[in-house]
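This report concerns only the one structure given below.
The values are calculated or read from the model by the stated rules, or taken from the named source; none is laboratory data. These numbers were taken from a predicted model, which means no experiment stands behind them. Here the Cβ positions follow ideal geometry from the backbone for every residue, glycine too, while neighbour counts run over all protein chains shown. Accessible surface areas use protein heavy atoms only, side chains included; no ligands, DNA or RNA. Shrake-Rupley method; radii C 1.70, N 1.55, O 1.52, S 1.80 Å.
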Amino acid sequence: MKGFKYYLSRIKNTPVVSVLSNLLLLYVIYTILRLAFFLVNIDLFRDVEAADLWRMCLGGLRFDTTSLMYLNSLYMVMALLPFRFREASVYKICTKCVFLICNIVGILVNCFDIISFHFVNRRVTTSFFSEFKNDSNLFSIGIQGCIEYWYVTLLSIALIVALIFLYRNLHDVKSPENKLVYYPVHTLVLCLTVFLVIGGIRGGYSVTIRPLSFQNANAYVNKPHETAIVLNSAFTLMMSLDTKTYSNPGYFTDKDELIKYCNPHHYPSPDGEFKYDNVVIIILESFAREYVGTFYSDLDGGTYKGYTPFLDSLISKSLSFDYTFATGKKSIDALPSVLCGIPSIIDPFVTTQYANDEVGSLAKCLRTKGYETAFFHGAPNGSIGLDAFANSAGIEKYYGLNEYGNMADFDGIWAIYDEEFLQYFANGLSKMNKPFLGIVFTASSHHPYRLPERYKGVFKQGPDPMYESIGYSDYALKKFFETASKTDWYKNTLFVITADHTTVITRPDFINGRGFMDIPIFFFHPGDSTMVGRVDRVVGQTDITPSVLGYLNYDEPYFAFGKDIFDKRDTTDFVINYYDLSYQIFKDSLMLQFDGDKTTGLFNYRKDRGLNNNIMGFCPQQLEMEKYLKAEIQTYIECVTKDSLTIK
C-alpha cells in the first residue's frame, strides 16, 4: 500500500504547486522592488514611518495581484491545460519562456521607475511614450542611466537571475491512466484558476467593488504622493493603456484671457468672522429632480406631486435654486465635484491616471479651522473606491459596513438600508468633536432597489421599481432629521442636500442632455432664518465647496472650480458637465453642447425643456459661452497634467 510520502510527493510535483510556487516567488520580488523604490526615493517620503510602510506594503499586495494575474494569465493557462501534451519537454520550455518574458518585462519596468520617479514624481504610464515619442536619443540616455544608477541596474540583474534559477518547472509526473479521473479533475482546476484570476484582476468579486484603479491606492496612505509606494509600475502602465493621456487643447494662448474665463484659485475676502458652524453634506443616491414635486409645481399647474413628500417640505424651509445640475452620470463623477470642486472632464477624475494628484478639498480647508471630518456610506468598505477617495480628500474617518457591524440591516446585495444607516449617521455625528464636517452617501435607491419587507407596497409606486425606493429613502431622510433635531448641534449646522446623479428618467421632456443632469441642490440651516427662499440661479455640484466655505467666511486661499453663491461680487452663473461624449454648459437661459472642436447644439433649456429647437448660429451669446466652456476644459487639463489641483 502506498504511503503518505508517496502521495505528498505527487502533490508537490503537480502543475498547481509549480504555478503557486512561481507566483509566490513573484510576490517576493515585487515586495523587494517596492522596498527598493522606497529606499532609493526616501528623500521624497520623509514622513513615512515603519508602521506606514508596513501598511503600504500590505496594501500593495492587492495591486501586485492584479499585475501578476494580467502578466501570468497565459502562463497559468498553459501550465494548467488539462491535456497530456503539457508533459512534453518542448511544451515545458515554451511555458517557461512565456513566464520569463512577461515577468522580466514587469521587473524592468519597475526598476526603470525606481530611477525615473525622482524626476517626474509619478509612476510610469502610457503618457511617458507620448511625451518622449519624438526623442531620438532615448537609447543613449538609457545607457547613461544604467551606468549612473548602477545599484538599480545590479538589482534588476539579480532579480532576473533569481527568477530564472528559482523558477519551478512543470515536473515529470506520470499522469493517471484513468481518463475519467484525469480530465474532469484538471478541467475543474483550470476553471477554478480562471475564476481566481478574474477576482485577482478586479480586486474582488463583490458587486459593490469596481476594478482596481489608481485611486484605490489612496486607502493605504497619509498623503497622495505616497500612493507611488503602494502601486507598482506594471500596474500603472497596464491600467493606463485604456485611459486617455490628456493633452492641452490650446484653446487659449493668452494666459490672462484664460484666467478671465476660468480661475479655480480662490482668494476670499470675507465680510465677517469665521463661523464655526457644523457642516453636514447629504448625497442622495440617484435622486433626479424629476422625482421631487416642489420643483415642478409651477410647471404642472401645481398638480405634480412627485415621490419625495419630506424633501418637498424641507426645500420649502431652505435656500434652493431654480436650475441645478450634476457634473456627470456616475457616483465617481459626483464625489470629487461635491467635496473638492473638481469637474468631470472627459473621464471621472478618480479613474484617470492623474487620480493620485494632490487635491484641495472642503475637508482639508475645514481641518485648518479645527473641524473633525468623517464620511459615512453603508456599502461594504472599498465600495466603488469611496474609502480611498475620502482619504485622498483629507477626510479623517470612514464609516462603512465594517464599522456598522450589524449584518441584519444589510439588504443582501448593496448596503445597509437607509433608515438604519442614517440613524447610525446621526448618532455618529453626535459623537464627533464640534465643529465637524459629516458626509453621508445614501444607498437604498441604488439598483436593485431593495426595501425592508415591512415597507413593501407602502410608498408611492411609479413606472419603474426605482420610484418606490426613492419614497423609502425620502422617509429615511425624514427619520434622520427627526433624530438630528433633538441634538445639541442641530441648530448650529449647515445642511447641504444634493444627489450624486440621475438614473431612471421617464418624463419625456427630461430624456435629453438637460434632464439627465437635473438634480436637486439646496442649503438648509435650522438656526439661520435668512437661508430660505428660491433663487433664479444656475448651480452645479462644483459650486458646493466654494459656497460652503463662503457661507462660513473662510479666509484662506483654496483651489476649486465652481463659484461661491454667497459672494455678491461673483454674479457669473454657469455650470459645465460632460455627458454622452459631449460637453455641456448651462449659462443664463441657454445650454450649449460642444464636441471638443465645435458647437453641436444650442438650446433655450428654460422654455424648450425637450431641447427640440436648435438655435445654434442664431444667438449672439454662443461665442461667449464657448469661451467659458473651453477655458474650463483647458484649465482642468493643465491642472491635472501638472499636478496643480491645489494652491501651493
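Below, the figures for the structure above:
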read-out: Extended-chain gain in nm, criterion 0.36 nm per residue less alpha-carbon gap, Gln622 and Arg537; value: 28.7 nm
read-out: Angle in degrees between helix 622-641 and the longest Cα principal axis of the chain, rounded to the nearest 10; value: 40
read-out: With DNA, RNA and ligands ignored, accessible area of Trp150 (1.4 Å probe; Å², nearest 10); value: 150
read-out: Convex hull projection area averaged over all views, the stretch 379-502, Cα basis, nm²; value: 8.3
read-out: Per-pair calculated FRET efficiency, R0 = 25 Å: Ser313 and Tyr276 via Cβ, rounded to 0.05; value: 0.30
read-out: Approximate spin-label separation Asn613-Thr571, in nm, with each point projected 7 Å along Cα-to-Cβ; value: 2.7
read-out: Cross-link partners of Lys587 among aspartates and glutamates (Cα-Cα below 13 Å; sequence separation of 8 or more within a chain); value: Asp322, Asp536, Asp573, Glu624, Glu626
read-out: Percent accessible area from carbon and sulfur atoms, the chain, protein chains only, probe 1.4 Å; value: 59
read-out: Two-decimal Rg to Rh for the chain - Kirkwood Rh, Cα set; value: 1.02
read-out: Two-site FRET efficiency, Cys97 against Ile413, from Cβ-Cβ distance with R₀ of 51 Å, rounded to 0.05; value: 0.70
read-out: Surrounding net charge for Arg289, when Lys and Arg each add one and Asp and Glu each subtract one, Cβ distance under 11 Å; value: -1
read-out: Folded to 0 to 90 degrees: helix 138-148 orientation relative to the chain principal axis, Cα; value: 70
read-out: His447 accessible area, 1.4 Å probe, all protein chains in place, Å² to nearest 10; value: 120
read-out: On Cα atoms only, tilt of 331-340 relative to the major axis of the chain in degrees; value: 60
read-out: Pairwise FRET efficiency - Lys305 versus Asp588, Cβ, R0 = 35 Å, nearest 0.05; value: 0.70
read-out: Ranking by accessible area, most exposed first, for Glu290, Glu148, Glu257 with a 1.4 Å probe; value: Glu148, Glu257, Glu290
read-out: Computed label-point distance, nm, for sites Phe195 and Val90 using a 7 Å Cα→Cβ extension; value: 3.5
read-out: Label-point gap, in nm, between Asn406 and Asp256 - each point 7 angstrom along Cα→Cβ; value: 6.3
read-out: Accessible surface, the chain, averaged per residue in Å² (probe 1.4 Å); value: 43
read-out: Of Lys260/Lys630; Lys397/Lys491; Lys255/Lys642, those spanning more than 18 Å from alpha-carbon to alpha-carbon; value: Lys397/Lys491
